[in-house]
1. Hey, any hits in segment 307-316 for a residue that's closer than 27 Å to LEU102 by Cβ and at pLDDT below 95?
2. For a quick check of your reading: which strands (runs of 3 or more DSSP E) sit entirely within segment 32-111 and have at least 3 residues that are surrounded by fewer than 18 Cβ atoms within 10 Å (Cβ to Cβ) and modelled with pLDDT of 95 or more?
3. What are the pairs with Cβ atoms under 8 angstrom where one residue, in segment 31-58, is within 19 Å of SER363 (Cβ to Cβ) and in contact (Cβ under 8 Å) with a residue 40 or more places away in the chain and the other, located anywhere, is among the charged types (D, E, K, R) and part of a strand (DSSP E or B)? Sequence gap at least six, or different chains.
4. Inside segment 91-113, can you point out the residues that are in contact with a helix residue (DSSP H, G or I) (Cβ under 7 Å, 6 or more places away or on another chain) and closer than 20 Å to LEU357 by Cα?
5. Of the conditions (1) at pLDDT below 95; (2) out of contact with any Gly (no Cβ under 9 Å at 6 or more places or on another chain), GLY345 satisfies every one except a single condition; which number is it?
6. Can we say HIS359 is buried (at least 23 other Cβ atoms within 10 Å of the Cβ) and farther than 23 Å from ILE223 by Cα?
7. Could you list all residues from segment 347-385 that are of a type in the set (S, T, N, Q) and part of a strand (DSSP E or B)?
Amino acid sequence: MIHRRRLLKVAALTAGLAPFPVSLLSAVRGKMKIIDIEEHEIVPPFQDYNALELFRYHGLSIQTRMIYVVKTDTGLEGYGESGLAPKGRFKDYIGTDPFDWLGDKKNLPMNMAMYDLMGKYLDLPAWKLIGPKVRSWIPVGAWTVSRHPDAMAEEVLSVSRRGYHWLKYHVDVLQNAIDQTEAMQKVAPPGFKIHYDFNEDANFKAVYPVLRELQRFPIAGRIEDPIKSEDHDGYRLLREKCTIPILIHHGPHDYFMRHGLCDGFMGGHASIGLAMKLAALAEASNTPFMLQQTGGNINQAFLAHEAAVFHMASLDHVNLCHLWKEQVTHEEMPVISGSIALPQGPGLGVTLDRKKLKHFAESPRPKQTQFLVRTRYSDGLTIYFRFNPDLPGANVRFLNPPGFGKRYSGFGPDVPGPVPGYANPVVTDFWDETNSPEFKAIWKRTAEGPFWEQCDC
């Protein structure tokens, strides 16, 4: 084993995003080999207050998590995590040395496990394998789906009580973003902010009037991907006219930073290799950025080690771990005044609760019950449709259940209603009064596709 004092000295010299010195790599390489990867599919319960709506919106695709336990011939184990994924996709790692995967650009879940193993082997926290620490408290934000204004207000109350200062959600054309914001503003504590993701779906003409309205609310904190990333002129106009900071996610980050087309950017689900590249670009252009990942405390621990090193990673990072009632790590990561403490200890600094892991792997999967998506316009038009979130790629905000229409054509050519817009006079909810005669009648009428009716109310 390499002498710890020497290692600390060498690690301190690996400033910024520089690779490990050859001498250090040669000293540790070949000392550890991956012999097996356990894959555990778990479905921990969501928080009570929004569990049903989250499940109806996304089915099992978000609630399900994969926990990876990477075993080595030294007896050390490394932990990784992802969302629902096919098993057996990481076989290429078996027989390799974890130190072969420094700065790997392939797989984020294996990045977590490799840096966990390397840190444990060297008795160092993972961040020391990335670069020098610039912060010990990591800003984090919460996340939710677009829902009825009253539900959005409840979401703000829930996450703010748990220490969060930011809430991100994807706006959609089935809800009114202005009404949602007004409801959230009424209950938000001072300083609480909303991160709006416009999904890169619209153009300047459609989005700017909405942003102009949102500017009236102190809670409006930042806008992600407001228009198509190729519309550079539109971004220039938004930067000139909009007072809300603009983040870019899907566009070419280097171009947007170089030409001043954004106030910051997001690295979504980025491998450690890609995150290092983005961090270097951000530091070179003095542009703040955030990371976004999906998972529980294992995932969040790795994110924290990354953000502790990346100088410009100063925006609140999104992870989703707050969605679940319980975690499979012994350690808790409480949010205190909008931030979490950088985990201590070697590797990721978290330990696996095998009892909980087994429990959630064996627990029954929730099943969908009958429900309708009900969209109601202020002029009395109400549209009903069945939505199956268990279908691959299904998502209410994309307006794409079978036979329902295309993403960019609203409700499809045969379904009435205004063209898609984020300020339409509309509210949408999930309707599940399955025993009522009215529900039964409309359920039958939606068997072949959407059904709508007009009332004078």
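The values are calculated or read from the model by the stated rules, or taken from the named source; none is laboratory data. Source: prediction; values computed, not measured. Here the Cβ positions follow ideal geometry from the backbone for every residue, glycine too, while neighbour counts run over all protein chains shown.
1. Restricting attention to segment 307-316, the residues satisfying the condition of being closer than 27 Å to LEU102 by Cβ are 307-315.
Then drop every residue that is not at pLDDT below 95, which leaves none.
No, the conditions are met nowhere in segment 307-316.
2. Values: elements: 34-42, 65-72, 77-83.
In segment 32-111, the matching strands (runs of 3 or more DSSP E) lie at 34-42.
3. As it stands, the answer is GLU41/ARG65; ILE42/ARG65; VAL43/ARG65; PRO44/ARG65, since those pairs meet every condition given.
4. MET110, MET112
5. Unmet for GLY345, out of (1) at pLDDT below 95; (2) out of contact with any Gly (no Cβ under 9 Å at 6 or more places or on another chain): (2).
6. Numbers: buried (at least 23 other Cβ atoms within 10 Å of the Cβ): no; farther than 23 Å from ILE223 by Cα: yes.
The answer is no for HIS359.
7. We begin by selecting, within segment 347-385, every residue of a type in the set (S, T, N, Q); these are 351, 363, 368-370, 375, 378, 382.
Scanning segment 347-385 gives THR375, THR382.
So that you can scan it fast, the table gives a plain yes or no per residue for (1) of a type in the set (Gly, Ala, Ser); (2) modelled with pLDDT under 95; (3) touching a strand residue (DSSP E or B) at 6+ places or on another chain (Cβ under 8 Å):
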| position | (1), (2), (3) |
| --- | --- |
| ASN203 | no, yes, no |
| ALA206 | yes, yes, no |
| GLN215 | no, no, no |
| ILE219 | no, no, yes |
| ARG222 | no, no, yes |
| LYS228 | no, yes, no |
| ARG239 | no, yes, yes |
| PRO245 | no, no, yes |
